[in-house]
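See structure below.
The values are calculated or read from the model by the stated rules, or taken from the named source; none is laboratory data. Fair warning: this is a prediction, and the values are worked out from it, not measured in the lab. Quick reminder, even Gly has a Cβ in these numbers, built from the backbone with ideal geometry, and neighbours come from all protein chains shown.
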Amino acid sequence: MDNLLKEALIKYISGVILIGLLLFVPAGTLKWNEGWLFMVVLFVPMFIAGLIMYFKAKDLLRSRLNAKEKQSEQKDVISYSALMFLASFILAGLNRRFGWSDLPKSVVTGAAVVFLFGYLLFGEVLRENAYLSRTIEVRKDQKVVDSGLYGIVRHPMYSATVLMFLSMPLILNCIYSFVIMFTYIPLIIKRIRNEEVFLEKELQGYSEYKKKVKYRLLPYIW
């Protein structure tokens with residue numbers, strides 16, 4: 001087993017354990033259908049995507065595993081996002097224990113479908129953009145990608161994450177966690193604005209790309 005595969009497996013297994021603890025310990029039980037549904041729709045596609053990257057795009061997998069944000073403003077956004085996820089997952093578990101809210105099954109199922117659709121969009125973004133990274137950076141040979149989803153909005157990866165993150169608490173049957181997760185919207189707007197300032201300075205052709213593709217996140221909205 002090479003180091004890249006070993007690192008990927010360690011981070012994957014650690015993620016499964018961490019999310020499982022954040023959900024099921026507050027829930028006080030393993031008998032939670034929505035919790036297990038969420039674990040499946042989150043980690044099964046993640047495992048498949050990791051395998052594809054390992055065999056087809058090792059450099060991309062390596063860059064996403066070793067990403068460390070350098071800009072202080074973006075570090076703040078990441079820290080706030082981590083707190084958002086922490087609070088949302090723990091609250092969802094507590095909601096399962098105490099029964100504060102109960103969404104219709106159709107909402108839970110629909111949210112799972114939306115989440116998987118967001119995952120598909122995310123996978124397409126990875127396929128279209130070989131320069132994609134978890135941090136804001138520009139490589140020496142990097143060029144502006146302006147086709148496919150990038151011809152519709154300038155940040156399709158973030159569009160996919162909005163769908164995924166907002167559907168998470170609904171899969172977990174917790175409207176209160178949804179309220180918390182909704183704070184992702186101002187966080188991602190802040191990140192996008194900062195990222196575009198950086199890209200205009202560092203990535204040749206990005207200013208022209210902004211004129212060509214007007215919308216950042218959602219077509220006809222923003």
Quiz prompt | Which listed residue is part of a helix (DSSP H, G or I), of a type in the set (A, V, I, L, M, F, W, C) and touching a residue at least 60 places away in the same chain (Cβ under 8 Å), from Phe38, Phe43, Phe47 | solution = Phe38
Quiz item: Just a yes or no: is a residue in region 212-220 closer than 30 Å to Gly20 by Cα and of a type in the set (A, V, I, L, M, F, W, C)?
Solution: no
Self-check item: Scan of region 1-50 for residues that are under 23 Å from Glu124 (Cα atoms) and either among the β-branched types (Val, Ile, Thr) or over 18 Å from the mean Cα position of the chain (by Cα) (or both), ordered by number
Solution: Leu4, Leu5, Leu9, Val40, Val41, Val44, Ile48
Quiz item: Out of (1) buried (at least 16 other Cβ atoms within 10 Å of the Cβ); (2) among the polar types (S, T, N, Q); (3) outside any helix (DSSP H, G or I), the odd one out for Ser88 is which?
Solution: (3)
Quiz item: Does Ser101 satisfy being in a helix (DSSP H, G or I) and either closer than 25 Å to Leu22 by Cα or at pLDDT 95 or above (or both)?
Solution: no
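So that you can scan it fast, the table gives a plain yes or no per residue for (1) modelled with pLDDT of 95 or more; (2) loosely packed, with under 12 Cβ neighbours inside 10 Å:
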{"site": "Leu4", "(1), (2)": "no, no"}
{"site": "Ala8", "(1), (2)": "no, no"}
{"site": "Tyr12", "(1), (2)": "no, no"}
{"site": "Leu23", "(1), (2)": "yes, no"}
{"site": "Trp36", "(1), (2)": "yes, no"}
{"site": "Met46", "(1), (2)": "no, no"}
{"site": "Phe55", "(1), (2)": "no, yes"}
Quiz item: Hey, among Val153, Val162, Val179, Val138, which residue is surrounded by fewer than 16 Cβ atoms within 10 Å (Cβ to Cβ) and modelled with pLDDT of 90 or more?
Solution: Val179
Self-check item: Filter result (surrounded by fewer than 16 Cβ atoms within 10 Å (Cβ to Cβ), among the hydroxyl-bearing types (Ser, Thr, Tyr) and at negative phi) within region 184-222
Solution: Ser207, Tyr215
Practice problem: Show the residue pairs that are 6+ apart or on different chains and have beta-carbon atoms under 9 Å apart, the first residue being within region 189-211 and over 14 Å from Asp146 (Cβ atoms) and free of Cβ contacts under 8 Å to residues at least 60 places away in the same chain, the second being of a type in the set (D, E, K, R) and surrounded by fewer than 17 Cβ atoms within 10 Å (Cβ to Cβ). | Solution: Glu196/Lys210; Glu200/Lys210
